[in-house]
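A short worksheet on the structure shown next.
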Amino acid sequence: MLHTVVMAGGSGTRFWPVSRKDLPKQFLSLFGAGSLIQQAVGRCRTLASDDRTWIVTGAAHAVETGRQLPGVPASHILVEPCGRNTAPCIGLAALCLLAEDPDAVMLVTPADHVIQPETEFVAAVERAVATLDRNPEKLCLFGIVPDRPATGYGYIERGEPLPGANRVFDVVRFREKPNLETAQDFLEAGNFLWNSGIFVWRADTIVRELERTQPELIRVLNRISEHIGDADFAETLEREFPDCPSISIDYAVLEHSRDVCVLEAPFGWDDVGSWSALARLHPRDEHGNTVLGQHVGIETENCTIFSSGSHLVTTIGLHDCVVVHTDNATLVAKLDDEAQVKELLKAIEAAGLEEFL
């Protein structure tokens, strides 16, 4: 059966000051109804019910995860004591699935993406599952057709169509985040897709691939899996998991496997990586501004402005900027400088102002 695995360990630092350590962006309602993690589980619910839904999150967010997703069994909220990237996260989930369902198929999705329409997403997952029915050894990725020369995404070069599959292709190779010129070349070539970080594969297949490519990692995970269902599982997970090497599933497995295919996704997708996502996902006013909250501006153009509560933000002569107001912190930056938010948070920490993080 199909099981949903939602990866919810992100810190959402580029959405500071709304996203904080205690409540990162996956728990916020910035786009549509409900928080991003609630939307992620909701769009998968027709594919896999709550009792076949698994969440992998950090220790600091386990309580909030359970509060926002009361239908997911507590035993299906897997709590990482520390972040170790996506390969340990996915490997741990796969072993837990196999303990309940030896034939489990995994739909792996991040908790903080916006996907529309959901009907197209469901149809694409069903196509991926059908592909695995014919090719059970395959690891199926979802690739997004680029609509701009984005430099913030990894790319997948697709090859020949997979026989008998609808818009599913062999993968030629993975490409790192490119510079602008290379991204433009990829866009014009027409055979490059953004790597969405959404996957469908059999749980036993990904475990075998980890055994082949990451023996050190799988040894640690096997020590944990021996205690699945036991009273000391949480204690074992907390003790052993930090020994996992920190590595992404892309580097750990996908770039080394000959059985990777990519499904050309038919749905709209945004990874909501920074405040600029608001302009992509919300309408702009006649001056090109995207405003959530109360704002009055003069000669203000192409800005993203967010204000919490009843606070009024006013601007004069502002262009190509982001302004974010919260109860105890305000961010003002050029839109092109959004990547510096992580550096800003380091500076806040260095200044001894951790309460604002």
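The values are calculated or read from the model by the stated rules, or taken from the named source; none is laboratory data. These numbers come from a predicted model, not from an experiment. Virtual Cβ from ideal backbone geometry, glycine too; neighbours counted across all protein chains shown.
For this structure, a couple of remarks:
- Filter result for L221 (touching a strand residue (DSSP E or B) at 6+ places or on another chain (Cβ under 7 Å) and crowded, with 21+ Cβ neighbours inside 10 Å): no
- Residue in the range 167-185 that is aromatic (F, W, Y), in a helix (DSSP H, G or I) and in the same structural domain as T109 (by TED's automatic domain parsing) present: no
- Enumeration of residues in the range 1-40 that are in contact with a Leu (Cβ under 6 Å, 6 or more places away or on another chain), within 26 Å of D204 (Cα to Cα) and hydrophobic (A, V, I, L, M, F, W, C): L2
- For the range 249-276, residues that are over 19 Å from R212 (Cβ atoms) and either aromatic (F, W, Y) or crowded, with 21+ Cβ neighbours inside 10 Å (or both) total 7.
- Just one of the numbered conditions (1) in a helix (DSSP H, G or I); (2) crowded, with 22+ Cβ neighbours inside 10 Å is not true of V63: (2).
- Any hit, the range 147-160, residues being surrounded by fewer than 16 Cβ atoms within 10 Å (Cβ to Cβ) and part of a strand (DSSP E or B): yes
- Subset of the range 200-238 that is without any contact (Cβ under 8 Å) to a residue 60 or more places away in the chain and basic (K, R) - its residue that is nearest to P110 (Cα to Cα): R208
- Residues in the range 325-347 that are surrounded by fewer than 17 Cβ atoms within 10 Å (Cβ to Cβ), touching a helix residue (DSSP H, G or I) at 6+ places or on another chain (Cβ under 7 Å) and more than 23 Å from N289 (Cβ to Cβ): 2 in all.
- Search result, residues across the range 1-47 that are in a loop (DSSP other than H, G, I, E, B), among the hydrophobic types (A, V, I, L, M, F, W, C) and touching a residue at least 40 places away in the same chain (Cβ under 8 Å): M1, W16, V18, L30, F31, L47
- If you go through the range 150-168 and pick out every residue that is without any contact (Cβ under 8 Å) to a residue 40 or more places away in the chain and over 17 Å from D270 (Cα atoms), you end up with 7.
- On inspection, I305 fails the criterion of being buried (at least 16 other Cβ atoms within 10 Å of the Cβ) and free of Cβ contacts under 8 Å to residues at least 12 places away in the same chain.
For every residue, the table says whether it meets (1) at pLDDT 95 or above; (2) loosely packed, with under 14 Cβ neighbours inside 10 Å; (3) touching a helix residue (DSSP H, G or I) at 6+ places or on another chain (Cβ under 9 Å).
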| residue | (1), (2), (3) |
| --- | --- |
| G71 | yes, yes, yes |
| A74 | yes, yes, yes |
| V79 | yes, no, yes |
| T86 | yes, no, yes |
| G91 | yes, no, yes |
| V105 | yes, no, yes |
| T119 | yes, yes, no |
| V125 | yes, no, yes |
| A130 | yes, no, no |
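- Residue match in the range 66-77 (condition: assigned by TED's automatic domain parsing to the domain that holds T236, assigned to a strand (DSSP E or B) and not charged (D, E, K, R)): yes
- Residue satisfying condition, being modelled with pLDDT of 95 or more, exposed (fewer than 14 other Cβ atoms within 10 Å of the Cβ), part of a strand (DSSP E or B) and not assigned by TED's automatic domain parsing to the domain that holds E80, within set V322, V296, V313: V296
- When the test is whether a residue is over 17 Å from L95 (Cβ atoms) and exposed (fewer than 15 other Cβ atoms within 10 Å of the Cβ), S246 passes it.
- Any chance R239 is modelled with pLDDT of 95 or more and either in the same structural domain as R127 (by TED's automatic domain parsing) or within 30 Å of R84 (Cα to Cα) (or both): yes
- Index of the failed condition, R284 passing every other in (1) closer than 24 Å to S29 by Cβ; (2) in contact (Cβ under 8 Å) with a residue 12 or more places away in the chain; (3) outside the structural domain of A59 (by TED's automatic domain parsing): (2)
- Check on G159, under 20 Å from the mean Cα position of the chain (by Cα), at pLDDT 95 or above and of a type in the set (G, A, S): no
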